[in-house]
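Remarks on the structure that follows.
The values are calculated or read from the model by the stated rules, or taken from the named source; none is laboratory data. Only a predicted model underlies this, so the values are computations on that prediction, with no experimental measurement involved. Note that we place each Cβ from the backbone using ideal geometry, even for glycine, and neighbour counts take in every protein chain shown. Side chains are part of the model used for accessible areas, which takes the heavy atoms of the whole protein and leaves out ligands, DNA and RNA. Shrake-Rupley method; radii C 1.70, N 1.55, O 1.52, S 1.80 Å.
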Amino acid sequence: MNFNRDDSQSSYSGGGYRGNSPRSNSGGFNRDRDFRGNSSNRDNYRDQRPERSDRGDYSGQNNTGRYGNNNNNYSERNNNAGSTSYSNHGGKNNLSLNSKPSLQKPPELLNGQLRLLPIGGQCEAGRNAWYFEQDSEIILIDAGLGFMPHGFKGGADCTLPNLTYLEENKDRIKALLISNSHEEYAGNLINFIQTLDLKEVYLPQILAKVCKKELALFPDLKVNIIEPNKIYKIGKSFEINPFTLTFIGADSFSFLITTPTHRTFYTGPFKIDHMPSIRKGQTDIQSIANLVTEKGVDILISNSTNVESMGYTGSESSVNKKLIEIFESAPSRVITLLNACATHRLASLLQSAIKAKRKVCLLNETLQTWYKAAVECEYFNFPKELFIETKDLAKTNNKDILILIGTEENSLLKPFIDLSYKKHPEISLIEGDSIILSGNPPLGTSRLIANSVDQLFLQGVHVIGGREAGVHVQSYAAQEELKFMYNLTRPKYCVPAHGESRQLVLHSELLAHCGVDTRNIIIVDNGSIVDFDSAQNKVEITGKVAAQAVFFNRVKDSSLNTQSIEERRSLSEDGVMTIVLVINSLDKKLIAEPFINMFGNSFNTDTDWPRVKDLILSDVKQMVNKALSQGQTDFVVLRRFAHDIISRRIREKYGMSMPVLSIVIQEVQAVVSV
């Protein structure tokens, strides 16, 4: 089989696979490259950001990331309340990312003011969560998690929003509303309920059914099922109008949030799809337009995830034609991988299977759970005869089989790799099978996909996926849809949300081209508190709270702080070095030469390492003896001195990051005879 492979684009001809830029369906910016187009994946892009601690306090700790500001300037003005006011001067596109430089407790919110706070989702992918406060009442919108870069070896598999500030104010939280069922918006739901002791939540119906067992663990929790176009009054300050919109799952909503002084339209993730696979999941433009025309909008919080794509996002139903073509022409079984909560895509696959007269096997429990929930919500009404169980695969003609494997978004490649290396626990591929990747591969996985595709080619398996294959469309609004949403709502203030730094800036520029005054475009990072004052007609960033990611391992159900993550990463990359010092407790002197043990290091095989090692031991010995002679017996101080000496010598010679250092000081009683 002949094929050509371009490593930079991960494109394969002959095997049917063409790699695509995740979350981008245009020929524009590729998220597997840096902002200047240099070839580097987002794993590296993230690694360049400053490290952040697991939790913070209001002690002035620096908590800002590395954000591009597009040559923009802003001026600061400190008022008596300690707030900072940002204004732009000098041009239509003079935009900047507004943020407090360090943690700063916000002032007390005055009556009539509205406070917004992104807990997560700004300048990153995932972890979407927002905080709204007015008149001492708080509501929360979304509770998402973020995914670790593929191949991350720090022991965490996801990141969670930092709930420190919310815990401090949990008695004032009236409710949590979830806009959709995707992990990046709802994946941290149970943790929010448990940690914040929530009393009331508003959930999409399908999410409530999928999480039924977990929600049952909280008997005092009131679970409300969101119904479109119904008004919900929460506390004394909030009125919520939900509207149906098209996203990856059918049960997705935007919210018009009305308070006594402001009306905020929170789009959530959306796209304008006039022919979604599930018609109940069509964006309700008419209802949004009617209510907005009647009441108007002060603040628009709009999704920025797909702002780098020009034009419009393709319709969910547009993949049906290609799927039917593949199902009818494939000589053997077709195995399709998709996000389990993608009910629109699941509907397209099932509709196409009926047209192509294939039987469907929902292979894994996760996908079966979401399918059953969709049936209970009356989104699906497929005949039972369409489905077969795993045990029936051997008794069915291979040309009549469609196998569906559903995972969470970041695990899409796990079954793909298992199948390619013949390690999948339930099925094995045979020559003539076809695999469809009907979703976005995790970021930075081009090489991994290429290796797996090579293995599949050797097995005679056809691989179909990518932007040009016609089996996947994006679920997020492209530029024209973002413009449409702005022109539909016509807000005074615009807050680009749910995107990485460059996407927020690009969204701001798009809004500026639509005629929005750049002084009314507010780009904020996680933890920045934004106060809107309608009486004085102003908006200010008045504080900064801890919002850095909390690393979490879902298998072990435990969190990890930044120091643990960095130590694990250093251990995997640079190994460990142990230096042992033995001190006489009687005369406070070294009674043996220091010695070093090395494990998993690369530089200890260098021909010059013995000389460097002798220098380190000599320097450490000299430092310890000098410190002891001056009466310094604090072992913590001695360890720090030794650490600094070892770090300096290794960096001078090898210019590399340090291995994990273990400095052991053993104190013994020894009488030295003369």
Check: If we scan segment 364-375, do we find a residue that is surrounded by fewer than 22 Cβ atoms within 10 Å (Cβ to Cβ), in contact with a helix residue (DSSP H, G or I) (Cβ under 8 Å, 6 or more places away or on another chain) and of a type in the set (Val, Ile, Thr)?
Finding: yes
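Residues are listed down the side, and each one gets a yes or a no for (1) among the β-branched types (Val, Ile, Thr); (2) under 30 Å from Glu431 (Cβ atoms):
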| position | (1), (2) |
| --- | --- |
| Thr293 | yes, no |
| Glu308 | no, no |
| Leu323 | no, yes |
| Ser329 | no, yes |
| Leu337 | no, yes |
| Leu346 | no, yes |
| Trp370 | no, no |
Check: Taking interchain pairs and intrachain pairs at least six residues apart, which have beta carbon atoms under 7 angstrom, with the first residue in segment 392-410 and more than 14 Å from Val360 (Cβ to Cβ) and the second modelled with pLDDT of 90 or more and in a helix (DSSP H, G or I)?
Finding: Thr407/Thr366; Glu408/Glu183; Glu409/Glu183
Margin query: Condition first: surrounded by fewer than 17 Cβ atoms within 10 Å (Cβ to Cβ), outside any loop (DSSP other than H, G, I, E, B) and among the polar types (S, T, N, Q). Can you find one or more residues in segment 394-403 that meet it?
Written below: yes
Next item on the list: Check whether at least one residue in segment 187-203 is touching a residue at least 24 places away in the same chain (Cβ under 8 Å), in contact with a Pro (Cβ under 7 Å, 6 or more places away or on another chain) and closer than 17 Å to Leu117 by Cβ, and report yes or no.
Entry: yes
Check: Taking Ser657, is it at pLDDT below 80, assigned to a loop (DSSP other than H, G, I, E, B) and open to solvent by 80 Å² or more (accessible area, probe 1.4 Å)?
Finding: no
Item checked: Pairs with Cβ under 7 Å, 6+ apart, first in segment 620-637 and touching a residue at least 12 places away in the same chain (Cβ under 8 Å), second among the aromatic types (Phe, Trp, Tyr) and in a helix (DSSP H, G or I) -> Met623/Phe641; Ala627/Phe641
Check: Can you tell me how many residues in segment 214-238 are out of contact with any Phe, Trp or Tyr (no Cβ under 7 Å at 6 or more places or on another chain) and free of Cβ contacts under 8 Å to residues at least 40 places away in the same chain?
Finding: 15
Check: Of Glu431, Glu409, which residue is over 23 Å from Thr369 (Cα atoms) and of a type in the set (Asp, Glu)?
Finding: Glu431
Check: Checking Glu133 against (1) over 22 Å from Gly249 (Cβ atoms); (2) not in a strand (DSSP E or B), which single condition isn't satisfied?
Finding: (2)
Next item on the list: For segment 183-194, state whether one or more residues are closer than 28 Å to Pro219 by Cβ, of a type in the set (Ser, Thr, Tyr) and open to solvent by 10 Å² or more (accessible area, probe 1.4 Å).
Entry: no
Item checked: Residue match in segment 302-316 (condition: farther than 13 Å from Val473 by Cα, β-branched (Val, Ile, Thr) and surrounded by 15 or more Cβ atoms within 10 Å (Cβ to Cβ)) -> yes
Next item on the list: Please go through segment 327-357 and pick out each residue that is crowded, with 21+ Cβ neighbours inside 10 Å and among the basic types (Lys, Arg).
Entry: Arg333, Arg345
